[in-house]
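The values are calculated or read from the model by the stated rules, or taken from the named source; none is laboratory data. Since the structure is predicted, the reported quantities are computational estimates derived from the model, not experimental observations. All Cβ positions, glycine included, derive from the backbone under ideal geometry; neighbour counts span all protein chains shown.
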Amino acid sequence: MTVNNFDYYNPTKILFGKDLYGRLPEEIKSHTQQTKVLVCYGGGSIKLNGVYDRLMASLKDFEIHEFSGIEANPEYTTLMKAVEIIRLHQIDFVLAVGGGSVIDGVKFIVAAAKYDGDPWEVLQRKPGCVFEEAIGFGAILTLPATGSEMNSGAVISRSETKEKRTMGGPMCFPKFSVLDPKVVASLPQKQIANGITDAFMHTLEQYLTYPTWNLLQERIAEGILQTLIETAPEVMKNPSDEKWAANLMWCATMALNGTLRAGVAYDWSTHMIAHELTALHGIDHARTLAIIGPNLFRIKLSNKREKLNQYGQRVWGLQDDCAEEAINKTIQFFHDLSIPTRLQDYVNNYEGTAEEIVKRFEQRGWENMGERQDLRLEEVEQIVKNSY
Ligand code: NZQ
Ligand code: ZN
């Protein structure tokens, strides 16, 4: 056992803290010759919490075009309208202002704007269809959760076919991201809980595999998990307390910016199964992870036992052979955030979900996921059924 080989690349500049909007003009100008910017956002929360006003004041010397209405779980058809605006006005810099959905949506927009064919075929992994370039973009993060502000991946939905597909590539890193913990104050409790859960599961997906000799990466993961456990009750109680909000925000970014995966084994099958629950039933992303994750850990207990024991001991302070207890602690952590962990807590029409997911995975050839590429489709079916 040794440290696995790895490439580590992350070009996103982070501007972390208060009152940094004044630096936006200089940051934008370093990436475009133009003064035109397309500002993309969601359903309007930025107009209620002051983000929009502060942003517009800082960009008063720019020609601003706006695109609003990017949904939670951003929709392909909506995003294609923004692609048209970019082409019509020949815009070459975009600002994403929002949570993971807006930032992911913008990653799609900037890549699709530079793509000649049907961009959905790229997400379908049609042979020969790839995004190779993108327009530059920056992000103003308003919801600590996904890490999209410092990574190059995105997840795009198409509700007409009930699909949710991933995309990405080096051209999809934000040029810069502004992380101001103040934004946490206006978040509904449900979204704070979602953010904590998503960051926790991102860390577990890159940690609960098998031991490697990358001691630092394992301890960074444990540090994020412990910080989230300490931070969660405080930030839920008082979202305006910036010291806790700041810790949540940095944990969420660090949990999925390429650091944790360096030199270790990673899994991601919880995410791939869970994305289907959002696609089929519209359940919030983080909640689908809380439904699937613990059941996947149980089904793959023999693969993950050593790391589950390490997690139980180092993160939860448990003793010896504590793998199952560590899974129970994880479930309790989600319940303490008022995140239910069974599918029936969210929808009534869950019968047939497992079979449908297996059918989709079969069609896509996703037969061997997980850190050892040995997650069989029968196991996927069992995991989903155990999650009902
Ligand atoms: O629409 P707006 O007005 O922005 O309101 C949003 C939305 O209703 C609201 N909100 C955001 N910031 C707020 C706020 N409300 C009040 N005050 C604020 N400061 O919160 C709601 C949810 O926002 P959304 O962006 O959907 O949440 P999240 O950040 O959890 O993103 C979820 C999306 O990211 C994808 C998920 O699949 C899902 O589509 N993911 C992206 C990843 C990536 N790019 O690396 C990884 C993740 O695993 C995940 O799959
Ligand atoms: Zn996630």
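Looking at Ile85, Ile140, can you tell me which residue is more than 20 Å from Ile14 (Cβ to Cβ) and among the aliphatic types (A, V, I, L, M)? From the options Ile85, Ile140, the qualifying one is Ile85.
Within segment 231-271, can you find the residues that are part of a helix (DSSP H, G or I) and under 16 Å from Leu289 (Cβ atoms)? Can you show your working first?
As a first pass, look at segment 231-271 and keep what is part of a helix (DSSP H, G or I): 231-237, 242-255, 269-271.
Correct list: Ala232, Cys251, Ala252, Ala255, Ser269, Thr270, His271.
Contact map, segment 351-375: first residue at positive phi, second residue among the aliphatic types (A, V, I, L, M), Cβ cut-off under 9 Å, separation 6 or more or different chains; pairs are Gly370/Leu296.
For segment 124-154, enumerate the residues that are of a type in the set (A, V, I, L, M) and surrounded by fewer than 24 Cβ atoms within 10 Å (Cβ to Cβ). It would help to see each step written out before you state the result.
Residues of segment 124-154 that are of a type in the set (A, V, I, L, M), as a first pass: 130, 134-135, 139-141, 143, 145, 150, 154.
Within segment 124-154, Val130, Ala134, Ile135 qualify.
On the basis of being touching a Phe, Trp or Tyr at 6+ places or on another chain (Cβ under 9 Å), without any contact (Cβ under 8 Å) to a residue 60 or more places away in the chain, surrounded by fewer than 17 Cβ atoms within 10 Å (Cβ to Cβ) and of a type in the set (Asp, Glu), does Glu84 make the cut? Don't jump to the end; show me each part of the working.
On the way: touching a Phe, Trp or Tyr at 6+ places or on another chain (Cβ under 9 Å): no; without any contact (Cβ under 8 Å) to a residue 60 or more places away in the chain: yes; surrounded by fewer than 17 Cβ atoms within 10 Å (Cβ to Cβ): yes; of a type in the set (Asp, Glu): yes.
Judged against the criteria, Glu84 is not a match.
Please determine whether any residue of segment 246-254 is away from ligand 1 (no atom under 15 Å from the Cβ) and over 15 Å from Asp198 (Cβ atoms). Within segment 246-254, one or more residues are away from ligand 1 (no atom under 15 Å from the Cβ) and over 15 Å from Asp198 (Cβ atoms). Answer yes or no: is there a residue in segment 235-248 that is in contact with a Cys (Cβ under 6 Å, 6 or more places away or on another chain), crowded, with 22+ Cβ neighbours inside 10 Å and β-branched (Val, Ile, Thr). Checked against the condition, which is being in contact with a Cys (Cβ under 6 Å, 6 or more places away or on another chain), crowded, with 22+ Cβ neighbours inside 10 Å and β-branched (Val, Ile, Thr), segment 235-248 yields no hits at all.
Each residue in segment 363-375 was checked for being modelled with pLDDT of 95 or more and surrounded by 14 or more Cβ atoms within 10 Å (Cβ to Cβ), and 5 of them qualify. In summary, Val37 fulfils each of the numbered conditions (1) assigned to a loop (DSSP other than H, G, I, E, B); (2) surrounded by 14 or more Cβ atoms within 10 Å (Cβ to Cβ) with the single exception of condition (1). What do you reckon, is Gly223 more than 14 Å from ligand 2 (Cβ to nearest atom), closer than 23 Å to Ile140 by Cβ and modelled with pLDDT of 95 or more? Criteria not met by Gly223.
Can you list the helices (runs of 4 or more DSSP H) lying wholly within segment 279-347 that have 2 or more residues being outside the structural domain of Arg158 (by TED's automatic domain parsing), more than 24 Å from the chain's Cα centre (by Cα) and over 18 Å from Ala145 (Cβ atoms)?
Values: elements: 285-299, 301-316, 323-336.
Where helices (runs of 4 or more DSSP H) fall fully within segment 279-347 and carry at least 2 residues being outside the structural domain of Arg158 (by TED's automatic domain parsing), more than 24 Å from the chain's Cα centre (by Cα) and over 18 Å from Ala145 (Cβ atoms), they are 301-316, 323-336.
Among the residues of segment 156-206, write down those that are part of a loop (DSSP other than H, G, I, E, B) and within 14 Å of ligand 2 (Cβ to nearest atom). Answer for segment 156-206, where residues must be part of a loop (DSSP other than H, G, I, E, B) and within 14 Å of ligand 2 (Cβ to nearest atom): just Gln206.
Name the residue that is nearest to ligand 2 (Cβ to nearest atom), counting only residues in segment 122-155 that are of a type in the set (S, T, N, Q) and either touching a Lys or Arg at 6+ places or on another chain (Cβ under 6 Å) or not in a helix (DSSP H, G or I) (or both). In this case the residue turns out to be Thr146. The residues listed here are Ile46, Ile103, Ile85, Ile109; of these, the one that is under 28 Å from Ala279 (Cα atoms), part of a helix (DSSP H, G or I) and within 16 Å of ligand 2 (Cβ to nearest atom) is Ile103.
Is segment 249-265 home to any residue that is more than 16 Å from ligand 2 (Cβ to nearest atom) and in contact with a strand residue (DSSP E or B) (Cβ under 9 Å, 6 or more places away or on another chain)? Yes - at least one qualifying residue is present in segment 249-265. The residue of segment 15-34 that is surrounded by the most Cβ atoms within 10 Å (Cβ to Cβ), among those that are of a type in the set (D, E, K, R) and over 22 Å from Ser186 (Cα atoms), is Glu27. For Ile70, indicate whether it is part of a loop (DSSP other than H, G, I, E, B) and either in the same structural domain as Leu256 (by TED's automatic domain parsing) or crowded, with 21+ Cβ neighbours inside 10 Å (or both). In short, yes.
Apart from one condition, Lys60 fits all of (1) assigned to a loop (DSSP other than H, G, I, E, B); (2) within 24 Å of Asn257 (Cβ to Cβ); (3) out of contact with any Phe, Trp or Tyr (no Cβ under 6 Å at 6 or more places or on another chain); the exception is (2).
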